[in-house]
1. For 429, 640, what's the fewest-to-most ordering of other Cβ within 10 Å of each Cβ?
2. Please state the relative contact order of region 675-764 as a whole percent: Cα pairs under 8 Å, 6+ residues apart?
3. Please give the contour-minus-distance gain from residue 761 to residue 346: 0.36 nm per residue of separation, less the Cα-Cα distance, rounded to one decimal in nm.
4. Any chance you could check the Cα centroid distance between region 707-771 and region 578-618 for me, in angstrom?
5. Between residue 730 and residue 599, take the C-beta separation as r, use R0 = 22 Å, and let me know the FRET efficiency to the nearest 0.05.
6. Ranked highest first by the average count of other Cβ atoms within 10 Å around their residues, in what order do 577-586, 468-477, 61-70 fall?
7. Be a star and scan region 359-400 for residues whose amide nitrogen sits under 14 Å from the point 7 Å along the Cα-to-Cβ vector of residue 421.
8. State, to one decimal in nm, how far the label point of residue 86 lies from the label point of residue 99, with both points 7 Å from Cα in the Cβ direction.
Ligand code: MIG
């Protein structure tokens, strides 16, 4: 007779406080039943909480945290009253009730940001041991919620619930959950401010924002510790930057990785790849990279070539390079079970493949047939995997790598992934798949990034991953997986990119045009109009439903497509600058309206428009046959990019949206740097950059970042970060420039393009000298005065 395992129905709660202890990094509170709570003041704005139910803590190891993040060990005070224990930094108070350990977080001035409902509680896990660790908080008045990575749903997560468990979801839809990525950070905004909660627990985790119970927000995980970071704002944007700094940012990408990219499953043989590339040049569609999907391999064996389709990979890559194309290849985690395949043999001999609890290998079907899977959570395995890239990078000249199927995805099993009894090294903290599942893909991308970088001879690379966990952004860019060619998915792409960006992963994009099924010309146009404002900009399709190259949809589509890709190339210095701001300050490259102006309630539920970088507002057209669209402009003044007409914000407008116009608005006072159109990054030796100067009655600051676009010398200070300070005083406009860094830029001149000025430009003075209106101005100017009085 088998007995059914029943989870205990009883929830357990902390008991009465008994004592406390102050250690180097934390304050530990003990309850009457062995429970311990460690409170770590990490910075003034970040407090970490960890609970141990039975008196001992698990080893303190996290894949999410950036090793470059140094806790500030801020000054803090401890106050004990009869009922409470209060830990105060300069920015936040953590109040613990002595009766039941319930926590209230308050701002420095004592306003409640978050208070607990049941607080920390747990259930025993009879099947696996350990506990289901849970936390529930009171849903505050007027509270809205944001974050959680790639969830394909409304930007505000209120009244919804979610699961984090990386899943291969071919053809997902609105509200499909979970998808490929697991990013357990959410932000809340209420009457008293904004904060973030980063629940750093890699087990299957759950979040509920008033769905099961209207007044309760809760999060829980199937194992591990209740371990989370409370991150105060007071703005959403600040909380987001702090989370991003905690879990890390991407390195600067090579500038070509911000160019347009063309992909399909699959381009082959070699001649077709070259034809596509040549046609881009012939039709003058700027493009920097072309992709090889799984069919380039010999029977889907990673790191091999199908000799018939690709007889001379090195020659092909060189040919592509000669016309300005970088070649990218896909690499999956499944290693074909084939005794004659050297990589399989090496993996076997060195014990690199994942095993199940009884010692058998985990075997799963993917493209190559039966496969074994490297345990990327083991340092030695990552090093081996990194080394495998030597030939394709160093010899063949591949520029970057695309990691797919790394949830890990398996065919033909209901769970779509490994059985839960698979063991993982977890960097020396041996564990099972329940804990390692969500970080498997990220560790694969990490090994890939380390390998590719090693063989690039000092040049930067581009890595893309489908799956990942918080912190993945340190190793890789991401795309949003197998979407569909529908207008609904265009909206999904829009919200996913915004959500990923605020979840630390700015370098993201969707399969432009849709992976599954074929877009109409109209959809293709609307999608590229949005796609050029996503940091990762690639057309990809499954290839089952017809072609998806820019010329596959007729002349009108081609021309509009070209126009937008050209705009992307003109804006590269702007986009590159916003990448630098992400790299340097953790600022998301694309920003939902509520992250720009949370005081304006209109922004709390808007998810269509977003800001790209500091100054460009994008309003994607996500409805079919829309000849006009409702656009909400946040407060301030804005210029319509296509007409230069000005609009006042904090207001909704009906904007005309003929097929060749997606509404784009530029913030007044902005100085937008533009390149001339190139067919690929580096095609021209650009010595002059245009500055579009948008008049404002007042002051505004803009930036321009430059470096050599390809090496790591920027890490040693070889860059220029220019700040342009725009001020106007009636007719007179001044632009002051201050430059930091030391890079000997190729850009010697700037050319001004003045927009929206109240009167004709009559005089321009550069560093005290009158110049002609059309004159090129030295890029190192310190002061430009336009229409000065004297
Ligand atoms: O089972 O490599 O999401 O972008 O083209 C499908 C083939 C495997 C899924 C990826 C998609 C890619 C495809 N891959």
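Each reported figure results from applying straightforward, stated rules to the coordinates on display, with no laboratory input. These figures come from a predicted structure and were not determined experimentally. Here the Cβ is made from the backbone with ideal geometry for all residues, glycine too, and neighbour counts use every protein chain on show.
1. So the residues, fewest neighbours to most, are 429, 640.
2. 35
3. Additional length available on full extension: 142.4 nm.
4. 24
5. Efficiency computed from Cβ-Cβ geometry: 0.15.
6. Output ranking for 577-586, 468-477, 61-70: 468-477, 577-586, 61-70.
7. Only 359-363 pass the distance filter.
8. With each label point 7 Å from Cα toward Cβ, the separation is 1.8 nm.
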